[in-house]
Amino acid sequence: PQQGEGGERHRRRATADEFAKPSDANALVLRAQPQINRASGTIAAIELIPSWNRDGTVLGAAQLGEEILDLDVRLRFDEWLVRQACAWALSWQSLGVPAFRVSLPVLTENIWSREMLAIVEQQLARQPIARDTLDLEVQETALLREPPKARDAVAQMQAIGVSVTVVGFGQGLLS
């Protein structure tokens, strides 16, 4: 079993190393899934869906979260994702499209970390999008690890105009 555990750790480390060095064969891809207001026919929100094409195999955000355990790599991914979300939103706003919510999943489980808050603040300063545009999707289990810190982090995000949506509600609590 220990040899298997070491092999699994080695495989995950190799995955994190590949992820940290994107190439044509290992490309991050971002798709936008719009939510349409049926009454007006306008875009109400967009969910950004990241995936990683790893040598022909596509890993979605949930699979990335299972594969990438290194906190620094997760933070770099989240920084890229927040930067892309802000750039897309700013681009739409510059075209005169009314502001709408842009949701994105984050891999960083400790949203209360200073690094995560700094990433969001820096990207909002660099790319000033309309307040209440950015929405971070965070796993419920991440928020339940340290509820007081999570509550403070959500309040800090809300104070800078970023909403936090709980996803994966109820998963893993009873299993």
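The values are calculated or read from the model by the stated rules, or taken from the named source; none is laboratory data. Since the structure is predicted, the reported quantities are computational estimates derived from the model, not experimental observations. Every residue, glycine among them, receives a Cβ derived from its backbone with ideal geometry; neighbour counts consider all protein chains shown. Quick note on the areas: whole protein, heavy atoms, side chains included, nothing else; ligands and nucleic acids left out. Shrake-Rupley method; radii C 1.70, N 1.55, O 1.52, S 1.80 Å.
Numerical summary
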| read-out | value |
| --- | --- |
| Relative contact order [Cα under 8 Å, 6+ residues apart], segment 26-95, whole percent | 22 |
| Extension gain from VAL58 to ALA45, taking 0.36 nm per residue of separation minus the Cα-Cα distance | 2.2 nm |
| Probe 1.4 Å, protein heavy atoms only - accessible area per residue of segment 59-175 in square angstrom | 52 |
| Gain upon complete extension [ALA87, ALA130; 0.36 nm per residue less C-alpha separation] | 14.3 nm |
| Exposure rank, largest accessible area first [VAL58, VAL166; 1.4 Å] | VAL58, VAL166 |
| For ARG54, residues with placed amide H under 5 Å, excluding near neighbours | LEU59 |
| Per-residue HN-Hα couplings for segment 30-39 [Karplus 6.51, -1.76, 1.60; θ = phi - 60°; Hz; x = Gly/Pro] | 10, 10, 10, 10, x, 10, 9, 6, 5, 5 |
| Where labels lie 7 Å past Cα in the beta-carbon direction, separation of VAL166 and ALA118 in nm | 2.9 |
| In nm, spacing of pseudo-spin labels at LYS149 and GLU66 (7 Å Cα→C-beta vector) | 2.6 |
| Model label zone, LEU28; criterion: amide N under 11 Å from point 7 Å along Cα-to-beta-carbon; scope segment 67-92 | 73-85 |
